[in-house]
1. When you go through (1) free of Cβ contacts under 8 Å to residues at least 40 places away in the same chain; (2) of a type outside the set (D, E, K, R); (3) out of contact with any helix residue (DSSP H, G or I) (no Cβ under 7 Å at 6 or more places or on another chain) one by one for V48, which number turns out not to apply?
2. Checking S115 against (1) at pLDDT 95 or above; (2) surrounded by 15 or more Cβ atoms within 10 Å (Cβ to Cβ): exactly one of these is not met. Which one?
3. Conditions: (1) surrounded by fewer than 16 Cβ atoms within 10 Å (Cβ to Cβ); (2) part of a loop (DSSP other than H, G, I, E, B). I122 meets all but one. Number of the miss?
4. Just to check your reading of the model, which residue among G95, G74, G106 is small (G, A, S), part of a helix (DSSP H, G or I) and within 11 Å of the chain's Cα centre (by Cα)?
5. Inspect the stretch 37-51 for any residue being closer than 22 Å to L125 by Cβ and either touching a strand residue (DSSP E or B) at 6+ places or on another chain (Cβ under 7 Å) or loosely packed, with under 14 Cβ neighbours inside 10 Å (or both) and give the result as yes or no.
Amino acid sequence: MTVPTGVRLREAVPGDAAALLALKRSLDLETSFMLLEPDERTEDEHDVAADLASVTAADNSVVMLAEADGRLIGYAQARGGRVRRRASTAHVVIGVLAEASGRGVGSGLLRELDSWAPGHGIHRLELTVMAHNERAAALYDRVGYTIEGRARECLFVDGRMADEVYMAKLFPPP
């Protein structure tokens with residue numbers, strides 16, 4: 001599946017802080033599949049700008065954005081390890097607005113991370129997904145992530161305990 005016409009994928013810069021924060025807040029409100037609940041996001045625009053500056057300065061980290069009609073509709077972040085032994089591993093977080101879901105935005109963002117990773121010393125992209133988020137798990141499987149484990153009843157979501165599945169994708173060693 002290709003990215004829909006009119007959707008642009010690009011790397012984030014610190015100037016994207018306000019729009020990225022607004023996107024994250026929207027995602028917190030519309031889905032319980034993101035880690036934070038709506039009232040838990042305490043960062044402000046300056047915090048997000050500082051984080052984006054640190055990501056931009058780190059060779060093994062990136063935030064990819066999906067935008068359409070002048071606004072953000074999704075993002076994927078890969079944060080590389082900060083110590084040498086984990087520097088070639090990056091943890092992935094992805095979020096796509098419901099209005100853009102199922103149209104190739106998520107897979108497009110993940111393909112961008114795949115293209116970025118080998119040139120930035122990344123051997124392993126890893127992520128977690130709530131076990132009951134079958135649609136996201138199927139996406140990760142389609143783009144080459146494999147299940148490595150399961151943490152039983154480690155999250156409290158929508159009034160019940162939920163499992164989290166650990167998935168990863170390997171690239172040739174740097």
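1. Single failed check for V48: (3).
2. Of everything listed in (1) at pLDDT 95 or above; (2) surrounded by 15 or more Cβ atoms within 10 Å (Cβ to Cβ), S115 misses just condition (2).
3. That leaves (1) as the condition not met.
4. Within the list G95, G74, G106, the selection yields G106.
5. No: zero hits.
Residue-by-condition table, conditions (1) in contact with a helix residue (DSSP H, G or I) (Cβ under 9 Å, 6 or more places away or on another chain); (2) closer than 22 Å to A22 by Cα; (3) surrounded by fewer than 22 Cβ atoms within 10 Å (Cβ to Cβ):
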residue	(1), (2), (3)
R71	yes, yes, yes
A78	yes, yes, no
T89	no, no, yes
V96	yes, yes, no
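The values are calculated or read from the model by the stated rules, or taken from the named source; none is laboratory data. Computed from a predicted structure; not experimentally measured. Heads up, the Cβs are rebuilt from the backbone with ideal geometry, glycines too, and the neighbour counts pull from every protein chain shown.
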